[in-house]
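Asks: Before I ask anything, here is the structure I am working with.
The values are calculated or read from the model by the stated rules, or taken from the named source; none is laboratory data. Bear in mind that the values here come from a model prediction, so they are computed numbers and not experimental data. Here the Cβ is made from the backbone with ideal geometry for all residues, glycine too, and neighbour counts use every protein chain on show. Just the protein is used for accessible areas: all its heavy atoms, side chains included, with ligands, DNA and RNA removed. Shrake-Rupley method; radii C 1.70, N 1.55, O 1.52, S 1.80 Å.
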Amino acid sequence: MVMNGELPENSRASPYRKHGFFTPSYLKGSNYIQKLEDAHKAKQAQRETQQQLGSGLPTGVTTTGSLANKTPASHLGMTYDLIERAPAVEDDHPVAPLPTRWNKDDKHGSLEVLADGQEVKYAASRSTREQDHESCAIRANYPMPWQAGIYYFEVTLLSRRRDETTVCIGFSAKNVPLTRPPGWEPESWGYHGDDGDIYSGHNVGKLYDGGAFGPQDIIGCGVNFRTREAFFTKNGKDYKTAFRDIKGELYPTVGMKKAGEHILVNFGQRPFTFDIDGMMKREQERIKAAIDKTSIEKLISPPMGETELIQQLVLQFLQHDGYVETARAFAEEIHAEKQALQIDQRTPVPGINIRDDEDAHRRQRIRRAILEGEIDKAIKYTSTYYPKVLEDNYDVYFKLRCRTFVEMVRKSAELSNSSSKKSNGHSFDDLPNKMDVDENGFSDQMEEDGLDTQPEQDDLITKTINFGQSLQAEFEDDPRREISKALNEVFSLLAYPNPLQVKEVSHLLDRKGRVAVAEELNSAILSSLGKSSRSALENLYGQTSVLLDYLREDGGPGSLVTIQSVIDEIPKMQPF
């Protein structure tokens, strides 16, 4: 079974392949490919984690008792009996995969599939007459994904004979018979090499600018799901729209019926002959141009300019999340800028009042504790300032407790590697976010001097394992699957001597995880105070994301743009 954009290990080499996964060049950076890569990485990590932990028990077996007949595992020299393996990855919303090869189980019997599904050859027996069938066709293993916005593939005719070819290239639905060429049956479309005509659901064709094609030609086939139009290319040259009103789940398809006919497909594992990247870029520019023309004046009351709106969104975000001092500094900068641009210097420019907020300072103190990795301190502050918050937000409390365990594992790993880190000067993850906290220039980098003594490390390991056992006992009666899954995930850290350097689990130790927990707790506190749990900027981002997902349905314009791609177009030094 090939997953998504995966290829077998012995398939043709390609600069677009990486660890068995390939990305067609024109889809790089798209929302679709990002989701496909995430799904691939999750399954790959799951497989590698299971191999590392090596067990014959079923996936998901955890905890003490199930290991009674096995030698205890060990971490940094100390045995433990907490976790057997990480949970299986659940795919609640599977991403439509890319076609990767011809499907040997969805073809006419006279065709032979070669080169790991990349080539097809007509191989009918000598007793078979051409009159016995109108064509022999084959479909790809997956349909063209509409989520990509545009899908494109190329077919090279490898046949050496110079006589008329019977190869036809196009796409068809799963239920279309494979005894006729693509385009002759309903729900199929095709471009035929013998006469150069295009066919759509009927055996009477229409003239096409590309004309006839034959041996050594490279024919491309593409569908723009936004416009519902299909097109063909020949030896790198684009021709006019071939078909309109394309719809349905459609598979790349080729047909042939002459001895010796042989084709090679490129689903994106190698560079294309046609500049499909340029076509994709032009489509994206059309969408972005439409975005740029959109006026926000009717969306806001009272009306304000785009720059002023952005300034207000940023200010409200800073105050909402407790960055009071940063908000005050930003407000002063805005005021100074407006004064500098004021034509009549005698006219006063109203300032922006950032009021002191005790709750904001308390929330900032709690946030700072979490970003330091001092989760117990954050829990203590929260219980003191907002006694009902953790009681009323059980899931937030659970995540804080899990993060406490993660921080203990992280510190243990850092202790064991402190000497090597001092020698080479490198850290195991990203530098801290400069705006993580607002006071005293705090950085969440941990102090390491004097923390590399073996007794202290052994003591921390023991405390970590004991805490893990108490954490498991505390939540073992919770029937929810997501709780046991989260516990299994964090406990899997103990399977590695140095989890900071193991890609399958190192993301669990990333400092970004602290930010996520801090934001959830901050939202819970705000809700308890009767305030919005999310800032206006977060609401705007979330609503835009949902809107884009809606516009991606059936390959709509949202599939050709991402929020990040729009942000990347903003000049880096543009003042706000």
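Asks: So, counting K/R as plus one and D/E as minus one, what does the shell of residues with Cβ under 11 Å around Ser470 add up to?
Replies: The answer is 0.
Asks: Return the lysines within reach of Lys338: Cα separation strictly under 17 angstrom, same-chain partners fewer than 8 residues apart disregarded; answer none if there are no such residues.
Replies: Reachable lysines: none.
Asks: Just list whichever of Lys35/Lys174; Lys463/Lys503; Lys35/Lys377; Lys377/Lys485 have alpha carbons separated by over 29 Å in the model shown.
Replies: Lys35/Lys377, as the Cα separations exceed 29 Å there.
Asks: Check the straight Cα-Cα distances from Lys121 and name the lysines below 20 Å, setting aside those fewer than 8 residues away within the same chain.
Replies: The qualifying lysines are Lys104, Lys107, Lys257, Lys258.
Asks: Can I ask one more? What is the ratio of the Cα radius of gyration of region 142-203 to 2.2 N^0.38 Å, with N the residue count, to two decimals?
Replies: Dividing the Cα Rg of region 142-203 by 2.2 N^0.38 Å gives 1.22.
Asks: Beyond 10 Å, how much of the Cα-Cα pair distribution for region 211-250 remains, as a whole percent?
Replies: Cα-Cα pairs in region 211-250 separated by more than 10 Å: 72 percent.
Asks: Counting other C-beta atoms within 10 Å, and keeping those with at most 15, which DSSP coil GluC sites (Glu not before Pro) do you find in region 161-232?
Replies: Passing both the DSSP loop test and the Cβ count: Glu164.
Asks: I want to verify the translational diffusion coefficient of region 500-569 in µm²/s; compute it with Stokes-Einstein, Rh as the Kirkwood radius over Cα pairs, at 4 °C and 1.567 mPa s.
Replies: 86
Asks: So which trypsin sites (Lys or Arg not before Pro) in region 479-519 end up in coil per DSSP with only 16 or fewer other C-beta atoms within 10 Å?
Replies: Qualifying residues, ordered by number: Arg480, Lys503.
Asks: Could you pull out the trypsin sites (Lys or Arg not before Pro) across region 250-342 that fall in loop regions by DSSP (anything but H, G, I, E, B) with no more than 10 other Cβ atoms inside 10 Å?
Replies: Answer by residue number: Lys293.
Asks: Among the lysines, which have Cα under 19 Å from the Cα of Lys380 when same-chain residues fewer than 8 positions away are ignored?
Replies: Cα-Cα hits under 19 Å: Lys388, Lys399.
Asks: Using unit Cβ charges (K, R positive; D, E negative) and no other charged atoms, how large, in debye to the nearest 20, is the dipole of region 475-570 about its Cα centre?
Replies: It works out to roughly 260 debye.
Asks: Find, to one decimal place in angstroms, the Kirkwood hydrodynamic radius of region 226-324, where the mean of 1/r is taken over every pair of different Cα atoms and then inverted.
Replies: 19.2 Å is the Kirkwood radius here.
Asks: Hey, could you get me the Stokes-Einstein D for region 180-287, Kirkwood radius over alpha-carbon pairs, 20 °C and 1.002 mPa s, rounded to whole µm² s⁻¹?
Replies: It comes out at roughly 145 µm²/s.
Asks: Can you give me the % of accessible surface on region 486-576 that is carbon or sulfur? Probe 1.4 Å, all protein chains present, nothing else counted.
Replies: C and S atoms contribute 60 percent here.
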